[in-house]
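J.: The structure that follows is given in the form of structure tokens.
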Amino acid sequence: MKRVFKNSILFAIMITIAISFVSFRMNQNQVPYLSTKLSPYSGFSLMSSIKMETSAKIETGIGESLELHIGTGKQGNVPLYWMMIESSLFPGRFVSAFDESKNIDMSLNICRDTIKHVFRGDSVMIAFEMIHHLSTNEIQYIWLDGNNNRSEKAIFIPLDNPLQKGKKFPDLTVEQLNGEKLSFSDLAGKIVVINWWATTCGPCIAEMPGFNKLVEQYKENPNVVFIAIAQDKKERVTGFLEKNKFNYIQTLANNDAIKLFGTAMPVNVVINSAGRICHHSRGGYSDKYLEIERIIKGLVE
């Protein structure tokens, strides 16, 4: 009788735990989407190469410490989304643009994606699900934590970034536009400047004239190498370069490169002659080359 009683208690405990777990999962899944609506863009020009068309404020739920705006635009005839984040916790304005055409579901007339944004130094990230209803310009969104659980408030997710300053740059091999392989291990002993970009990225394009000045400045120094890795199709890169000057050694991203750099761009990395990362930053603007120039100058001298 005692054994039956104990088994009954054990069974009841197990049932209680199971119900609690299911309830927790249901509550996670039942966190409702928040919503906002895109309106005609009336702010200042974020990127000279991109026509900003609409914008909306995304509520973060954590006050003025984090403000986020998202919108639509075009670079030439290519539609894209742009995002701007301002944070008092991580000073500076972070702007990124991304091509979301691959995530459009024409049968439902929506664009759906998980948006992730990494802050300077890549030590922290925020993430949210977004559904853009193309016919009404309504945006539904919900914040995510590090385990992809839904939240009504933005959550700072700590990251262990392989590109953090002081770390050894991983042995990465990418393909050049001429089909030849380029391995970073073959560049041991050199100062390597890397730019992660795409043809649809406005800030990436804004950086290029200044970066071309750096290439010209160090063209006689064989120990300084400039490499661009495009997260883009080869045809788009070659077509872009026929009309735009970008004098870095041009290569194409693969899965290893995307895993290393992420999907946000531009990213700039400088590796010293010992193969260690001495500079890493996200976001681009026309004077970015001056920051990179100071880093290179310090390494050369």
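J.: Would you point out which residue out of V237, V267 is surrounded by 15 or more Cβ atoms within 10 Å (Cβ to Cβ), touching a residue at least 40 places away in the same chain (Cβ under 8 Å) and touching a helix residue (DSSP H, G or I) at 6+ places or on another chain (Cβ under 8 Å)?
T.: V267
J.: Mind checking whether some residue in region 139-146 is open to solvent by 30 Å² or more (accessible area, probe 1.4 Å), in contact (Cβ under 8 Å) with a residue 60 or more places away in the chain, within 28 Å of Q75 (Cα to Cα) and in contact with a Phe, Trp or Tyr (Cβ under 6 Å, 6 or more places away or on another chain)?
T.: Checked against the condition, which is being open to solvent by 30 Å² or more (accessible area, probe 1.4 Å), in contact (Cβ under 8 Å) with a residue 60 or more places away in the chain, within 28 Å of Q75 (Cα to Cα) and in contact with a Phe, Trp or Tyr (Cβ under 6 Å, 6 or more places away or on another chain), region 139-146 yields at least one hit.
J.: Here's something else I'd like to know. Conditions first: (1) without any contact (Cβ under 8 Å) to a residue 40 or more places away in the chain; (2) in a helix (DSSP H, G or I); (3) crowded, with 22+ Cβ neighbours inside 10 Å. A228 passes all but one, so which condition is the exception?
T.: For A228, the exception is condition (2).
J.: Scan region 42-61 for residues that are modelled with pLDDT of 80 or more and open to solvent by 50 Å² or more (accessible area, probe 1.4 Å) and jot them down.
T.: Within region 42-61, S42, K51, E53, K57, E59 meet the criteria.
Residues are listed down the side, and each one gets a yes or a no for (1) surrounded by fewer than 16 Cβ atoms within 10 Å (Cβ to Cβ); (2) part of a helix (DSSP H, G or I); (3) of a type in the set (K, R); (4) in contact with an Asp or Glu (Cβ under 9 Å, 6 or more places away or on another chain):
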{"residue": "K259", "(1), (2), (3), (4)": "yes, yes, yes, no"}
{"residue": "A274", "(1), (2), (3), (4)": "yes, no, no, no"}
{"residue": "H280", "(1), (2), (3), (4)": "no, no, no, yes"}
{"residue": "S286", "(1), (2), (3), (4)": "yes, no, no, yes"}
{"residue": "Y289", "(1), (2), (3), (4)": "no, yes, no, yes"}
{"residue": "E293", "(1), (2), (3), (4)": "no, yes, no, no"}
{"residue": "G298", "(1), (2), (3), (4)": "yes, yes, no, no"}
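J.: Now for a different question. Suppose we keep only residues that are among the acidic types (D, E) and under 16 Å from A56 (Cα atoms) within region 106-138. Which one would you say is most open to solvent (accessible area, probe 1.4 Å)?
T.: Per the stated criteria, the residue is E138.
J.: Can you pull out every residue in region 147-175 that is of a type in the set (D, E, K, R) and touching a residue at least 40 places away in the same chain (Cβ under 8 Å)?
T.: If the condition is that a residue be of a type in the set (D, E, K, R) and touching a residue at least 40 places away in the same chain (Cβ under 8 Å), then R150, E152, K153, K165, K167, K168, E175 are the ones that fit.
J.: Here's another thing I want to ask about it. Give the number of residues within region 173-199 that are open to solvent by 40 Å² or more (accessible area, probe 1.4 Å) and farther than 12 Å from L252 by Cα.
T.: The number of residues fulfilling the criteria is 5.
J.: Suppose the filter is at pLDDT 70 or above, touching a Ser or Thr at 6+ places or on another chain (Cβ under 6 Å) and either not hydroxyl-bearing (S, T, Y) or not in a strand (DSSP E or B) (or both); does L80 pass it? Don't jump to the end; show me each part of the working.
T.: On the way: at pLDDT 70 or above: yes; touching a Ser or Thr at 6+ places or on another chain (Cβ under 6 Å): yes; either not hydroxyl-bearing (S, T, Y) or not in a strand (DSSP E or B) (or both): yes.
Against the criterion (at pLDDT 70 or above, touching a Ser or Thr at 6+ places or on another chain (Cβ under 6 Å) and either not hydroxyl-bearing (S, T, Y) or not in a strand (DSSP E or B) (or both)), L80 qualifies.
The values are calculated or read from the model by the stated rules, or taken from the named source; none is laboratory data. Values in this document were obtained by computation on a predicted structure and should not be read as measured data. With ideal geometry, Cβ positions are generated from the backbone for all residues, glycine too; neighbour counts draw on all protein chains shown. Quick note on the areas: whole protein, heavy atoms, side chains included, nothing else; ligands and nucleic acids left out. Shrake-Rupley method; radii C 1.70, N 1.55, O 1.52, S 1.80 Å.
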